[in-house]
Amino acid sequence: MRRMLVAGNWKMNGSLESIKSLLDGLKSGLSRSEVKCDVVVCPSSVYLPTVSEQIVDSAIKLGSQNICDQDGGAYTGEIAGSMLAEFGCQYAIIGHSERRALYAESDELVAKRFAAARRGKLTPILCVGELLEEREAGQTEAVVSRQLDAVIALEGIDALADAIIAYEPVWAIGTGKTASPDQAQEVHAFIRKKLAALNSDVASNIVIQYGGSVNGANANELFAMEDIDGGLIGGAALKPDDFLAICQAAT
Ligand code: PGA
């Protein structure tokens, strides 16, 4: 039985003050609710220490928004898995489309970052997804396959036993244009079938989140789909009521 997971990707948003009030809202909401899914927040890395302190004694877990592919040394601006782990990170988002598009992270580099997360004992949240023009050209499955294959080629299918996949169609991220539950389910089922051809246990156990304009109003019908195991949430993760409603929908 797969456990639903809702993760908030705060991106480059927040301040000490706004983060405290967001966490206060989430903690009090979660303590009053019957939420049963796993709940993760991924702040900008400078805020990891304070968030880590503030979520002690709560059900909220901590993730990073990226991780260096190397374990240490002369890599200016990067953060190693061991450093993230020291501040209580249990998850690392890998290959988010903003990293791929704005910072030119290739499939190969994303695969190396995935490997680094595993070495650092962090659970990778591997993001995959197609651009609008790729969808319109009928290339969705080919693109998602290529992104997964880079990781499988480097780390092997068994490595996905300790990972999470987030299917995030790029055209749905931050646009308010979410994939319909059927559109998302179709790709999630494709991913599971592709993995099943290599290892059926990995395929049936792996959590596959959906991401892209998920909010309190559309989460229920997305999460009701057979192969959607929660969400990776951007904008709505910055609003406690919305994020709590999404966690409730995953329960
Ligand atoms: P969004 O972002 O929910 O704002 O569309 C999702 C993501 O980028 O992970």
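Taking 0.36 nm per residue of sequence separation and removing the Cα-Cα distance, the SER200/ALA137 pair yields an extension gain of 19.7 nm. Label-to-label distance for TYR103 and THR76 is 1.6 nm, based on points extended 7 Å past Cα in the beta-carbon direction. Dividing the helix sum by the residues of the chain, where each DSSP H run of 4 or more adds -39500 (n - 2.57), gives a mean residue ellipticity at 222 nm of -12500 deg cm²/dmol.
Between the stretch 1-63 and the stretch 176-237, the C-alpha centres lie 21 angstrom from each other.
Over all pairs of different C-alpha atoms, the stretch 5-249 has a mean inverse distance whose reciprocal, the Kirkwood radius, equals 17.9 Å.
Extension gain, ASN13-GLN183: 0.36 nm per intervening residue step, less the Cα-Cα distance, totals 58.3 nm.
Between ASP69, ASP201, ASP227, the GNM of the chain built on Cα springs shorter than 10 angstrom shows ASP201 fluctuating the most.
Coordinate-derived values only; no laboratory data. Because the structure is a prediction, the values reported are computed rather than measured. Positions of Cβ are generated from backbone atoms using ideal geometry, with glycine treated the same way; all protein chains shown enter the neighbour counts.
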